[in-house]
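Undergrad: Questions regarding the structure given below will be posed in turn.
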Amino acid sequence: MARPTTKVDLENASYEKYQLLMQTLDAIPEEAKTAPFTFDISKQKEAHWKRDKNIRDVLIHLYEWQQLLLKWVEANIEGERKPFFKRGV
């Protein structure tokens, strides 16, 4: 799929990718969704390797980023000049 160039294209691509994500998640057995990842992360230094231990953790992380973005967009639409990240972060 080509990169969206209009608002309608972006909305359609978002919908299609969301549906694909839901289909993929539905195909995963429930016990696998909360099972710990089995690959070796002992040498990884990034924080997410310690935080995201299973598929559920990754999805919650993505959800929280989405909420942060939506609150930022809403505040700016309402005229509140708000930085995406808090100062000092």
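Undergrad: Taking only pairs six or more apart or across chains, which ones have beta-carbon atoms under 8 Å, a first residue in segment 1-24 that is in the same structural domain as Arg56 (by TED's automatic domain parsing), and a second residue that is surrounded by 10 or more Cβ atoms within 10 Å (Cβ to Cβ) and part of a helix (DSSP H, G or I)?
TA: Nothing qualifies.
Undergrad: Right, another one. Just checking, does segment 28-44 include any residue being among the basic types (Lys, Arg) and modelled with pLDDT of 90 or more? Please lay out each step first, then the result.
TA: Filtering segment 28-44 for residues among the basic types (Lys, Arg) gives 33, 43.
If we keep only those that are modelled with pLDDT of 90 or more too, we end up with none.
The answer is no; no qualifying residue exists.
Undergrad: Let me ask something else. What's the total number of residues in segment 8-44 that are of a type outside the set (A, V, I, L, M), in a helix (DSSP H, G or I) and within 23 Å of Tyr63 (Cβ to Cβ)? Full working, then the answer.
TA: So the first thing to find is which residues in segment 8-44 are of a type outside the set (A, V, I, L, M), and the list is 9, 11-12, 14-19, 23-24, 26, 29-31, 33-34, 36-40, 42-44.
If we keep only those that are in a helix (DSSP H, G or I) as well, we get 9, 11-12, 14-19, 23-24, 26, 30-31, 33-34.
Within this subset, residues satisfying the condition of being within 23 Å of Tyr63 (Cβ to Cβ) are 11-12, 14-19, 23-24, 26, 30-31, 33-34.
Adding up the residues that qualify gives 15.
The values are calculated or read from the model by the stated rules, or taken from the named source; none is laboratory data. Since this is a predicted model, take the numbers as computed values, not measurements. Using ideal geometry, Cβ is built from the backbone for each residue, glycine included, and neighbour counts are taken over all protein chains shown.
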